[in-house]
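Just below is one structure, and these are the notes that go with it.
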Amino acid sequence: MADESTVAVRVWDLPTRLFHGLLVLAVVGLVITGNLGGNWLPWHARLGYAVLALLIFRVLWGLVGGRWSRFGSFMFGPRMLLAYLRGRAPAHVEVGHSPLGMLSVLAMLVGLATQVATGLITDDEIAFTGPLASLVASSTAYAATAWHKGWGKAIVLTLVGLHVAAIIVYQLRGKKLVAAMIHGDKWLPAHTPASADGAPQRWRALGVATFSVALTWAIVEAARWLR
């Protein structure tokens, strides 16, 4: 809640907010189309490609994006994580992603990247074959399929559940994470540095997004080129 000692500070730039919104929609769509199967599998694949492009974008934006979206702003070591859990961490660690938030972000990125990677080489011998399945041995493709449909899916769903639970807990404690991710601002001490979020950053994000889509297309088409 705002008071006389705080001001609205831009923490989440627009590209980061759009990334989060699109990723949520894509993951929900993946779960639905994956469970429906059949004629929905082509859409499942397309949404998987969209997630790949989004992940590439987020990794690159973590290097050149707004101040609090960059990995350097929330890559905390074990000591800071322990201090945070004990309630002894400095206030600045909660401006962007907290030490626990860091673990959540990294786990989600790795979990989704693994699902995308296994999906690209999936071969269930019935309804779907991933675009890169021909580049790996059949045994590898079958193992990837088993992981993608089993443990991989379970891990991602668990991470999503934990992420939602954490957001609810923070909301109940008065930390409005959802609102901040929608409008980008948090009420913080006036000296808190803000993330740049103007036209130059948005043009940069458009360039990064274009590159991410192009790289995704190249990855998906790789099997055709390498035949």
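The values are calculated or read from the model by the stated rules, or taken from the named source; none is laboratory data. Only a predicted model underlies this, so the values are computations on that prediction, with no experimental measurement involved. All Cβ positions, even for glycine, are placed from backbone atoms using ideal geometry, and neighbour counts span all protein chains on display.
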Exercise for the section: Only residues that are more than 20 Å from residue 225 (Cα to Cα) and modelled with pLDDT under 95: list them for region 112-135, please. Expected result: 124, 125, 126, 127, 128
Practice task
Please go through region 210-221 and pick out each residue that is in a helix (DSSP H, G or I), loosely packed, with under 15 Cβ neighbours inside 10 Å and of a type outside the set (Val, Ile, Thr).
Solution key: 211, 214, 217, 218
Practice task
Please enumerate the residues belonging to region 90-135 that are among the hydroxyl-bearing types (Ser, Thr, Tyr) and under 17 Å from residue 33 (Cβ atoms).
Solution key: 118, 122, 129
Fill in the blank from the handout: Flagged in region 23-39 as free of Cβ contacts under 8 Å to residues at least 40 places away in the same chain and farther than 13 Å from residue 116 by Cβ, in numbering order, are 24, 25, 28, 29, 32, 33, 35, 36, 39
Practice task
For region 182-209, name all the residues that are crowded, with 17+ Cβ neighbours inside 10 Å, aliphatic (A, V, I, L, M) and over 17 Å from residue 93 (Cα atoms).
Solution key: 205, 208, 209
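Can you find a residue in region 164-175 that is part of a helix (DSSP H, G or I), surrounded by 15 or more Cβ atoms within 10 Å (Cβ to Cβ) and not aliphatic (A, V, I, L, M)?
Residues of region 164-175 that are part of a helix (DSSP H, G or I), as a first pass: 164-172.
Checking which are surrounded by 15 or more Cβ atoms within 10 Å (Cβ to Cβ) leaves us with 166-167, 170.
From the residues that got through so far, the ones that are not aliphatic (A, V, I, L, M) too are 170.
So far as region 164-175 goes, yes, one or more of its residues are part of a helix (DSSP H, G or I), surrounded by 15 or more Cβ atoms within 10 Å (Cβ to Cβ) and not aliphatic (A, V, I, L, M).
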Practice task
State whether one or more residues within region 194-201 are among the aliphatic types (A, V, I, L, M) and in contact (Cβ under 8 Å) with a residue 12 or more places away in the chain.
Solution key: yes
Exercise for the section: Scan 54, 82, 30 and give me the residue that is in a helix (DSSP H, G or I) and surrounded by fewer than 18 Cβ atoms within 10 Å (Cβ to Cβ). Expected result: 82
Completion exercise
Of 209, 199, 165, 180, the only residue that is of a type in the set (Gly, Ala, Ser), under 18 Å from the mean Cα position of the chain (by Cα) and modelled with pLDDT of 95 or more is 209
Fill in the blank from the handout: Residues of region 130-162 being surrounded by 15 or more Cβ atoms within 10 Å (Cβ to Cβ), part of a helix (DSSP H, G or I) and within 23 Å of the chain's Cα centre (by Cα), in sequence order, are 144, 145, 147, 148, 149, 152, 153, 155, 156, 159, 160
Handout entry: Residue that is closer than 25 Å to residue 33 by Cα and either free of Cβ contacts under 8 Å to residues at least 24 places away in the same chain or of a type outside the set (S, T, N, Q) (or both), where the choices are 48, 87, 72
Key = 48
Exercise for the section: Looking at (1) of a type outside the set (Val, Ile, Thr); (2) surrounded by fewer than 16 Cβ atoms within 10 Å (Cβ to Cβ); (3) outside any loop (DSSP other than H, G, I, E, B), find the lone condition where residue 68 falls short. Expected result: (2)
